[in-house]
Amino acid sequence: MQQWHLFLAFFRVGMLGYGGGPSSIPLVHKEVVEKYKWLDDDEFADILALGNSLPGPIATKMAGYIGHRVAGVTGMFNAVLATIVPTIGIMIFLLTFLSTFREKPWVQGMTQAVVPVVGVMLAVLTYDFFRKAQGNLGWVLTIALTVASYALIELAGVHPGIVIACLLLYALLKPSRGKRHDGEDNQVKEEQSS
């Protein structure tokens, strides 16, 4: 049954993810976090950050990882196939159909009408990420990281993967707040026993 749910979840993402990666991310979130609860918000954010820093389409990378996590190697193949097969079929059909009628105003209007819907889905997901980041980091650090990331990516032209890799490296190398190092812990225990 798990394989069937995995297939359905990523089949829906493949069928409804019109517009590529940005539009499929909220759909993946809805399926794996909200509906099936295979991941929580933090895990999803980590997978999304890592997936964005690696080459290739985000939907297939996320499908592969989540499928493997949920149901092993067969789950990985199941989720990836469920993501790409509908897209391939729809693309062949739509490109044949749209190339025939591409000059018609209704075809142009149809493709342009999807853009605001994708924008709303991304805005909702962005708001959820900001709220989660604010809870973990506080408003000041969240806003500072947002502004710095925007400046590096949009204004300086730094690749998003490099920015994410630097932030991950910083997080790995920085000592955790509120946690003491082993030496400090031992010193506190010795002082308490004296």
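Computed from the coordinates by the stated procedures, all read-outs in this text should not be read as laboratory data. Owing to the predicted nature of the structure, the values given are computational and were not obtained by experimental measurement. Glycine gets a Cβ as well: all are built from the backbone with ideal geometry, and neighbour counts include every protein chain shown.
Which helices, counted as full DSSP H runs in the chain, have an axial Cα extent of no less than 27 Å and a Kyte-Doolittle average of -1.0 or above?
What comes out of the filter, once short or polar helices are dropped, is 58-101, 105-137.
Around residue 69, what is the net charge, scoring Lys/Arg as +1 and Asp/Glu as -1 over all other residues with Cβ under 15 Å from its Cβ?
Local charge sum for residue 69: -3.
Once each part is reduced to its C-alpha centroid, what is the distance from region 1-40 to region 105-149 in angstrom?
18
Evaluate E = 1/(1 + (r/R0)^6) for residue 153 and residue 2, where r is the Cβ-Cβ distance and R0 equals 41 Å; express this FRET efficiency to the nearest 0.05.
Result of the calculation: an efficiency of 0.65.
Of all alpha-carbon pairs in region 1-63, indicate the percentage at a distance above 19 angstrom.
It works out to 25 percent of all Cα pairs.
Projected onto the charge dipole of the chain (+1 at Lys/Arg Cβ, -1 at Asp/Glu Cβ, origin at the Cα centre), which of 13, 93, 49 gives the Cα projection farthest towards the positive end?
The Cα lying farthest towards the positive end belongs to 93.
For the chain, what are the per-bin percents of Cα-Cα distances with bins 5 Å wide, up to the bin holding the maximum?
Reading the bins upward from 0: 1, 7, 11, 15, 15, 13, 12, 9, 6, 3, 2, 2, 1, 1, 0, 0, 0, 0.
Mind checking the dipole of region 2-114: about its Cα centre, +1 per Lys or Arg Cβ, -1 per Asp or Glu Cβ, Debye to the nearest 20?
I would put it at about 400 debye.
Ranking request for peptides 96-103, 83-90: highest mean number of other beta-carbon atoms within 10 Å first, then the rest in descending order.
Ranked by mean Cβ neighbours within 10 Å, highest first: 83-90, 96-103.
Using only Cα atoms, figure out Rg for region 2-114 and give it as a multiple of 2.2 N^0.38 Å.
1.15
Roughly what would the spin-label model give for residue 43 and residue 108, points 7 Å off Cα along C-beta, in nm?
4.7
What is the magnitude of the charge dipole of the chain about its Cα centre, with +1 placed on the Cβ of each Lys and Arg, -1 on the Cβ of each Asp and Glu, and no other charges, expressed in debye to the nearest 20? Mind dumping the intermediate values first?
On the way: 15 positive and 15 negative charges, 117 e Å.
Here the chain has a charge dipole of around 560 debye.
Under the Kirkwood approximation for Rh and a Cα-based Rg, what ratio Rg/Rh is obtained for region 102-156?
1.24
Using R₀ = 41 Å, calculate the FRET efficiency as 1/(1 + (r/R₀)^6) where r is the Cβ-Cβ separation of residue 165 and residue 97; round to 0.05. Numbers along the way, then the final one.
Values: r = 41 Å, r/R0 = 1.01.
The calculated FRET efficiency here is 0.50.
How large are Rg and Dmax for region 60-145 when calculated on the C-alpha trace, in angstrom?
Every Cα atom of region 60-145 included, Rg and Dmax give 19.2, 53 Å.
Which order do peptides 41-50, 142-151 fall in by mean Cβ count within 10 Å, highest first?
On the way: 41-50: 16.4, 142-151: 13.3.
With the highest mean Cβ count within 10 Å placed first, the list reads 41-50, 142-151.
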